[in-house]
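A quick write-up on the structure given underneath.
FYI, it's all coordinate maths here, none of it is from the lab. Just so you know, these numbers come straight off a predicted model, no measurement behind them. As a convention, Cβ positions derive from the backbone with ideal geometry for all residues, glycine included, and neighbour counts pool all protein chains shown.
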Amino acid sequence: MHTNEQLDAAIDELVALRTAISRVGNNVNQIAFVYNAGGQPLPGELDRALTTVNRVLTRVDDAADILVKKRL
């Protein structure tokens, strides 16, 4: 793959990650709202949010690695 195509792919991935991080943030805020109101979130809801956070962070690391390697 040509360098510009790799950079374009990395930038596209970062845009997708921004959306994913926003969605996870919304989920975490909803869970916090339920806790703060004295309720209990749905079973597994927090675990799913944390799993998603870890998956997205791995994608962020991968995209950052691609960009760093292209600068070297």
Among I31, T52, I11, pick out the residue whose Cα is farthest towards the positive end of the charge dipole of the range 3-71, where Lys and Arg carry +1 and Asp and Glu carry -1 on C-beta, about the Cα centre. I31
Dipole magnitude of the range 3-71 about its Cα centre, charges +1 at Lys/Arg Cβ and -1 at Asp/Glu Cβ only, in debye to the nearest 20? 120
To the nearest 10 degrees, how steeply does helix 3-36 sit against the main Cα axis of the chain, on a 0 to 90 scale? 10
With axes computed from alpha carbons, what is the tilt in degrees of helix 45-71 against the longest principal axis of the chain, rounded to the nearest 10 within 0 to 90? 20
Jot down the per residue volume, in cubic angstrom and as a whole number, of the convex hull over the alpha-carbon atoms of the range 3-71. 65
